[in-house]
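The values are calculated or read from the model by the stated rules, or taken from the named source; none is laboratory data. Keep in mind that what you see is a predicted model, and the values were worked out from it rather than measured. Counting neighbours? That spans all protein chains shown, and the Cβs are built from the backbone with ideal geometry, glycine included. Areas reflect the complete protein model, heavy atoms only, side chains present, ligands, DNA and RNA absent. Shrake-Rupley method; radii C 1.70, N 1.55, O 1.52, S 1.80 Å.
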Amino acid sequence: MTYADQVLDLARQVAESQAEQVRQAAQLLVTSLRADGVVNAFGSGHSEAIAMEIAGRAGGLVPSNRLTPRDLVLYGGQPPSVLTPELERDPSVARQIYDLAPVEPQDVFVLISSSGVNGTVVELAGIVKDQGHSLIALTSVKHSTRMTSRHPSGGKLLDLADVVLDNGAPYGDALLELPGGGSYGAVSTITSALLAQMVVTEAVDALVAMGETPPIYLSANVAGGDEHNKALESRYAGRIRRGA
(Lines give C-alpha, C1' and ligand atoms only; values in the text may rest on other atoms or scores of the structure.)
Protein backbone atom coordinates (compact mmCIF):
# COMPACT_ATOMS: atom_id res chain seq x y z
CA MET A 1 0.00 0.00 0.00
CA THR A 2 1.16 3.53 -0.72
CA TYR A 3 1.57 6.14 1.98
CA ALA A 4 -1.66 7.83 0.84
CA ASP A 5 -3.56 4.54 1.06
CA GLN A 6 -2.36 3.92 4.60
CA VAL A 7 -3.07 7.47 5.73
CA LEU A 8 -6.60 7.38 4.33
CA ASP A 9 -7.28 4.03 5.99
CA LEU A 10 -5.97 5.29 9.32
CA ALA A 11 -7.97 8.52 9.04
CA ARG A 12 -11.17 6.50 8.55
CA GLN A 13 -10.30 4.28 11.51
CA VAL A 14 -9.62 7.29 13.72
CA ALA A 15 -12.82 9.07 12.67
CA GLU A 16 -14.88 5.99 13.47
CA SER A 17 -13.16 4.87 16.66
CA GLN A 18 -13.03 8.36 18.17
CA ALA A 19 -16.60 9.43 17.36
CA GLU A 20 -17.81 9.24 20.96
CA GLN A 21 -14.71 10.99 22.31
CA VAL A 22 -15.19 13.72 19.71
CA ARG A 23 -18.78 14.16 20.87
CA GLN A 24 -17.66 14.46 24.48
CA ALA A 25 -14.91 16.94 23.61
CA ALA A 26 -17.32 19.01 21.52
CA GLN A 27 -19.70 19.18 24.46
CA LEU A 28 -16.92 20.58 26.65
CA LEU A 29 -16.34 23.29 24.05
CA VAL A 30 -20.04 24.07 23.86
CA THR A 31 -20.33 24.37 27.65
CA SER A 32 -17.37 26.73 27.75
CA LEU A 33 -18.47 28.85 24.79
CA ARG A 34 -22.00 29.24 26.13
CA ALA A 35 -20.49 30.53 29.37
CA ASP A 36 -18.48 33.12 27.39
CA GLY A 37 -15.38 30.97 27.56
CA VAL A 38 -12.39 30.73 25.25
CA VAL A 39 -10.71 27.62 23.81
CA ASN A 40 -7.01 27.56 24.68
CA ALA A 41 -4.95 25.20 22.53
CA PHE A 42 -1.36 24.32 23.37
CA GLY A 43 1.20 22.47 21.30
CA SER A 44 4.96 22.55 20.92
CA GLY A 45 7.08 21.33 18.03
CA HIS A 46 4.93 19.87 15.27
CA SER A 47 1.96 19.80 17.65
CA GLU A 48 1.79 23.58 17.36
CA ALA A 49 0.34 23.02 13.88
CA ILE A 50 -2.69 21.41 15.50
CA ALA A 51 -3.11 24.31 17.92
CA MET A 52 -3.18 26.50 14.81
CA GLU A 53 -6.02 24.35 13.45
CA ILE A 54 -8.05 25.26 16.52
CA ALA A 55 -7.09 28.88 17.17
CA GLY A 56 -7.27 31.82 14.79
CA ARG A 57 -7.96 30.26 11.41
CA ALA A 58 -10.64 30.67 8.72
CA GLY A 59 -13.68 28.54 9.43
CA GLY A 60 -12.70 28.22 13.09
CA LEU A 61 -13.76 29.72 16.38
CA VAL A 62 -12.99 33.35 17.15
CA PRO A 63 -12.86 32.81 20.96
CA SER A 64 -9.62 30.83 20.84
CA ASN A 65 -5.99 31.20 21.83
CA ARG A 66 -2.86 29.40 20.71
CA LEU A 67 -0.36 28.81 23.52
CA THR A 68 3.25 27.79 22.82
CA PRO A 69 6.63 27.90 24.56
CA ARG A 70 7.34 30.89 22.29
CA ASP A 71 4.96 32.89 24.52
CA LEU A 72 7.83 33.25 26.98
CA VAL A 73 9.48 35.53 24.41
CA LEU A 74 6.42 37.11 22.76
CA TYR A 75 4.61 37.99 25.98
CA GLY A 76 7.04 37.25 28.80
CA GLY A 77 9.98 39.35 27.71
CA GLN A 78 12.51 36.51 27.78
CA PRO A 79 15.35 36.42 25.22
CA PRO A 80 14.93 34.26 22.10
CA SER A 81 17.84 32.14 23.29
CA VAL A 82 15.50 30.34 25.73
CA LEU A 83 13.73 28.69 22.77
CA THR A 84 15.79 25.52 22.54
CA PRO A 85 14.53 22.12 21.32
CA GLU A 86 14.79 20.86 24.91
CA LEU A 87 12.49 23.57 26.31
CA GLU A 88 9.36 21.44 25.90
CA ARG A 89 10.83 18.97 28.41
CA ASP A 90 11.11 21.60 31.16
CA PRO A 91 8.16 21.47 33.61
CA SER A 92 9.03 24.85 35.12
CA VAL A 93 7.95 26.82 32.05
CA ALA A 94 4.36 25.52 32.15
CA ARG A 95 3.28 27.87 34.95
CA GLN A 96 4.75 30.82 33.07
CA ILE A 97 2.89 29.87 29.88
CA TYR A 98 -0.38 29.56 31.79
CA ASP A 99 0.08 32.81 33.71
CA LEU A 100 0.93 34.73 30.53
CA ALA A 101 -2.34 33.66 28.88
CA PRO A 102 -5.51 35.76 29.35
CA VAL A 103 -7.32 32.83 30.98
CA GLU A 104 -10.68 32.95 32.74
CA PRO A 105 -12.29 30.20 34.87
CA GLN A 106 -14.82 29.14 32.22
CA ASP A 107 -12.17 28.55 29.55
CA VAL A 108 -11.51 25.08 28.14
CA PHE A 109 -8.10 23.69 27.18
CA VAL A 110 -6.96 21.42 24.35
CA LEU A 111 -3.41 20.15 24.87
CA ILE A 112 -1.77 18.43 21.91
CA SER A 113 1.19 16.07 22.18
CA SER A 114 1.55 12.74 20.38
CA SER A 115 4.00 11.41 22.96
CA GLY A 116 2.21 13.07 25.85
CA VAL A 117 5.20 12.65 28.15
CA ASN A 118 7.27 15.84 27.98
CA GLY A 119 7.57 17.90 31.13
CA THR A 120 5.95 21.09 29.88
CA VAL A 121 2.73 19.57 28.55
CA VAL A 122 2.28 17.24 31.54
CA GLU A 123 2.88 20.05 34.01
CA LEU A 124 0.53 22.35 32.09
CA ALA A 125 -2.15 19.66 32.16
CA GLY A 126 -1.83 19.46 35.93
CA ILE A 127 -2.11 23.24 36.27
CA VAL A 128 -5.15 23.32 34.00
CA LYS A 129 -6.93 20.70 36.11
CA ASP A 130 -5.87 22.33 39.41
CA GLN A 131 -7.41 25.57 38.16
CA GLY A 132 -10.71 23.83 37.45
CA HIS A 133 -10.70 23.92 33.64
CA SER A 134 -11.98 21.16 31.41
CA LEU A 135 -9.11 19.45 29.60
CA ILE A 136 -9.06 17.66 26.25
CA ALA A 137 -5.90 15.75 25.34
CA LEU A 138 -5.01 14.98 21.73
CA THR A 139 -2.32 12.30 21.75
CA SER A 140 -1.21 8.94 20.38
CA VAL A 141 -2.20 6.26 22.87
CA LYS A 142 0.08 3.69 21.20
CA HIS A 143 3.08 5.96 21.40
CA SER A 144 2.40 7.41 24.84
CA THR A 145 1.81 4.07 26.56
CA ARG A 146 5.22 2.81 25.35
CA MET A 147 7.04 5.89 26.66
CA THR A 148 8.40 6.70 30.10
CA SER A 149 7.18 10.05 31.37
CA ARG A 150 9.69 12.89 31.41
CA HIS A 151 7.73 14.62 34.18
CA PRO A 152 8.92 14.21 37.79
CA SER A 153 5.49 12.85 38.78
CA GLY A 154 5.72 10.00 36.30
CA GLY A 155 2.37 11.08 34.88
CA LYS A 156 1.38 11.53 31.26
CA LEU A 157 -1.00 13.86 29.45
CA LEU A 158 -3.56 11.12 28.90
CA ASP A 159 -3.67 10.45 32.65
CA LEU A 160 -4.94 13.94 33.40
CA ALA A 161 -7.48 14.71 30.67
CA ASP A 162 -11.27 14.72 30.91
CA VAL A 163 -11.40 13.46 27.32
CA VAL A 164 -8.60 11.73 25.41
CA LEU A 165 -8.61 11.91 21.62
CA ASP A 166 -6.37 9.21 20.13
CA ASN A 167 -4.83 10.19 16.79
CA GLY A 168 -4.00 6.55 16.06
CA ALA A 169 -0.37 7.24 15.18
CA PRO A 170 2.01 4.30 15.68
CA TYR A 171 4.98 4.34 18.03
CA GLY A 172 7.52 6.59 16.34
CA ASP A 173 4.77 8.27 14.27
CA ALA A 174 5.90 7.05 10.83
CA LEU A 175 3.94 4.50 8.79
CA LEU A 176 6.35 3.06 6.22
CA GLU A 177 9.14 0.65 7.10
CA LEU A 178 12.68 1.03 5.79
CA PRO A 179 14.42 -2.16 4.60
CA GLY A 180 17.25 -1.80 7.08
CA GLY A 181 15.07 -0.83 10.01
CA GLY A 182 13.36 2.40 10.96
CA SER A 183 10.35 4.06 9.38
CA TYR A 184 9.30 7.12 7.43
CA GLY A 185 6.11 8.95 6.47
CA ALA A 186 4.76 10.65 9.60
CA VAL A 187 1.01 10.66 10.17
CA SER A 188 0.13 12.23 13.54
CA THR A 189 -0.25 15.76 12.14
CA ILE A 190 -2.82 14.57 9.61
CA THR A 191 -4.98 12.54 11.97
CA SER A 192 -4.67 15.10 14.77
CA ALA A 193 -5.82 17.89 12.44
CA LEU A 194 -8.77 15.71 11.45
CA LEU A 195 -9.76 15.19 15.08
CA ALA A 196 -9.33 18.87 15.91
CA GLN A 197 -11.62 19.89 13.06
CA MET A 198 -14.13 17.18 13.95
CA VAL A 199 -14.40 18.55 17.49
CA VAL A 200 -14.77 22.16 16.38
CA THR A 201 -17.33 21.39 13.69
CA GLU A 202 -19.39 19.21 16.02
CA ALA A 203 -19.39 21.98 18.62
CA VAL A 204 -20.50 24.49 15.98
CA ASP A 205 -23.26 22.12 14.82
CA ALA A 206 -24.47 21.81 18.41
CA LEU A 207 -24.58 25.59 18.87
CA VAL A 208 -26.51 26.01 15.62
CA ALA A 209 -28.99 23.34 16.74
CA MET A 210 -29.55 25.40 19.89
CA GLY A 211 -30.47 28.40 17.75
CA GLU A 212 -27.23 30.26 18.45
CA THR A 213 -24.91 31.98 15.98
CA PRO A 214 -21.39 30.62 16.48
CA PRO A 215 -18.55 33.18 16.33
CA ILE A 216 -16.71 31.86 13.28
CA TYR A 217 -13.85 33.43 11.34
CA LEU A 218 -14.19 34.16 7.66
CA SER A 219 -11.10 33.97 5.51
CA ALA A 220 -9.29 37.30 5.50
CA ASN A 221 -8.92 36.76 1.75
CA VAL A 222 -12.63 37.01 0.91
CA ALA A 223 -14.67 40.19 0.52
CA GLY A 224 -15.75 41.52 3.91
CA GLY A 225 -13.59 39.04 5.82
CA ASP A 226 -11.54 41.59 7.73
CA GLU A 227 -14.60 43.58 8.81
CA HIS A 228 -16.48 40.46 9.89
CA ASN A 229 -13.54 39.13 11.88
CA LYS A 230 -12.68 42.39 13.61
CA ALA A 231 -16.29 42.84 14.73
CA LEU A 232 -16.29 39.39 16.33
CA GLU A 233 -12.85 39.81 17.87
CA SER A 234 -13.99 43.01 19.56
CA ARG A 235 -16.42 40.94 21.66
CA TYR A 236 -13.43 39.20 23.22
CA ALA A 237 -11.13 42.21 23.60
CA GLY A 238 -8.31 41.44 26.03
CA ARG A 239 -9.16 37.74 26.09
CA ILE A 240 -7.82 36.54 22.76
CA ARG A 241 -4.49 37.29 21.17
CA ARG A 242 -3.12 36.84 17.71
CA GLY A 243 0.65 36.93 18.16
CA ALA A 244 3.20 35.63 15.70
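Considered as a group, the residues in the range 176-202 that are in contact with a strand residue (DSSP E or B) (Cβ under 8 Å, 6 or more places away or on another chain) and within 25 Å of A41 (Cβ to Cβ) include one that is most open to solvent (accessible area, probe 1.4 Å), and that residue is A186.
Beta carbons closer than 6 Å, at least 6 apart along the sequence or on distinct chains, pair a first residue in the range 29-41 that is under 22 Å from A193 (Cα atoms) and in contact (Cβ under 8 Å) with a residue 40 or more places away in the chain with a second that is crowded, with 22+ Cβ neighbours inside 10 Å and among the small types (G, A, S) for L29/A203; V30/A203; V39/S64; A41/A51; A41/A55. On the stretch given as the range 33-65, residues that are open to solvent by 10 Å² or more (accessible area, probe 1.4 Å) and over 18 Å from Y98 (Cα atoms) total 11. Scanning the range 66-79 for residues that are open to solvent by 70 Å² or more (accessible area, probe 1.4 Å), under 20 Å from H46 (Cβ atoms) and either assigned to a helix (DSSP H, G or I) or in contact with a helix residue (DSSP H, G or I) (Cβ under 6 Å, 6 or more places away or on another chain) (or both) gives a single hit, L74. For the range 6-25, the set of residues classified as over 13 Å from A196 (Cα atoms) and in contact with a helix residue (DSSP H, G or I) (Cβ under 8 Å, 6 or more places away or on another chain) consists of V7, L10, listed by residue number. Among the conditions (1) under 14 Å from the mean Cα position of the chain (by Cα); (2) modelled with pLDDT of 95 or more; (3) open to solvent by 50 Å² or more (accessible area, probe 1.4 Å); (4) not aromatic (F, W, Y), the only one that A25 does not satisfy is (3).
Taken over the range 216-244, residues that are within 16 Å of M52 (Cβ to Cβ), among the aliphatic types (A, V, I, L, M) and modelled with pLDDT under 95 amount to 2. Of the candidates A11, A49, A19, A58, the single residue that is touching a residue at least 40 places away in the same chain (Cβ under 8 Å) and within 28 Å of E212 (Cβ to Cβ) is A58.
If you go through the range 166-218 and keep only what is under 16 Å from the mean Cα position of the chain (by Cα) and in a strand (DSSP E or B), you end up with just D166. When A169, A186 are checked against the criterion of being closer than 18 Å to R12 by Cα, in contact with a Ser or Thr (Cβ under 7 Å, 6 or more places away or on another chain) and of a type in the set (G, A, S), A169 stands alone in meeting it.
Scanning the range 106-125 for residues that are small (G, A, S) and either touching a residue at least 60 places away in the same chain (Cβ under 8 Å) or surrounded by fewer than 20 Cβ atoms within 10 Å (Cβ to Cβ) (or both) gives S113, S114. Looking at the structure I just gave you, is V30 in contact with a strand residue (DSSP E or B) (Cβ under 8 Å, 6 or more places away or on another chain), open to solvent by less than 60 Å² (accessible area, probe 1.4 Å), at pLDDT 95 or above and more than 16 Å from G132 (Cα to Cα)? No.
Does the range 166-173 contain at least one residue that is of a type outside the set (A, V, I, L, M, F, W, C), touching a residue at least 12 places away in the same chain (Cβ under 8 Å), open to solvent by less than 70 Å² (accessible area, probe 1.4 Å) and closer than 14 Å to N40 by Cα? The answer is no, given that none of the residues of the range 166-173 is of a type outside the set (A, V, I, L, M, F, W, C), touching a residue at least 12 places away in the same chain (Cβ under 8 Å), open to solvent by less than 70 Å² (accessible area, probe 1.4 Å) and closer than 14 Å to N40 by Cα. The numbered conditions (1) in contact (Cβ under 8 Å) with a residue 24 or more places away in the chain; (2) not polar (S, T, N, Q); (3) not in a loop (DSSP other than H, G, I, E, B) are all true for R150 except (3).
Note on the range 133-154: among residues that are open to solvent by 20 Å² or more (accessible area, probe 1.4 Å) and within 18 Å of the chain's Cα centre (by Cα), the one that is farthest from S114 (Cα to Cα) is S134.
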